[in-house]
Amino acid sequence: MDTDTAHGPELVLQGKFADAATRATCRQDSPPADDEGIVRIPLSMVEQIRRACDAAEAAGTQL
């Protein structure tokens, strides 16, 4: 988690860049802002992400 941002605390995720076809589909559904990218997060990371969100919520941090 990065707590030192202009917009308040943010959860930082790492993943592989999505392929061109996936990026095109995502752009149709929800075009990313100029400073956003589309990455793939393995399903094996879901539980770790859930725990990180739960810990942030328990600490009183709104994500």
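The values are calculated or read from the model by the stated rules, or taken from the named source; none is laboratory data. Just so we're clear, the structure is a prediction, and the values are computed from it rather than from any experiment. Here Cβ is always computed from backbone atoms with ideal geometry, including for glycine, and neighbour counts include all displayed protein chains. SASA here: full protein model, heavy atoms, side chains in, ligands and nucleic acids out. Shrake-Rupley method; radii C 1.70, N 1.55, O 1.52, S 1.80 Å.
Selection over the range 22-63 of residues that are part of a helix (DSSP H, G or I) and either polar (S, T, N, Q) or touching a His at 6+ places or on another chain (Cβ under 7 Å) (or both) gives a count of 5.
Let's see how each residue does on (1) over 16 Å from V12 (Cβ atoms); (2) open to solvent by less than 70 Å² (accessible area, probe 1.4 Å); (3) not small (G, A, S):
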{"site": "S30", "(1), (2), (3)": "yes, no, no"}
{"site": "D35", "(1), (2), (3)": "no, no, yes"}
{"site": "S44", "(1), (2), (3)": "yes, no, no"}
{"site": "E47", "(1), (2), (3)": "yes, no, yes"}
{"site": "R51", "(1), (2), (3)": "no, no, yes"}
{"site": "D54", "(1), (2), (3)": "yes, no, yes"}
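I need a count of the residues in the range 7-28 that are at pLDDT below 85, open to solvent by less than 90 Å² (accessible area, probe 1.4 Å) and out of contact with any helix residue (DSSP H, G or I) (no Cβ under 8 Å at 6 or more places or on another chain). Within the range 7-28, residues that are at pLDDT below 85, open to solvent by less than 90 Å² (accessible area, probe 1.4 Å) and out of contact with any helix residue (DSSP H, G or I) (no Cβ under 8 Å at 6 or more places or on another chain) number 2.
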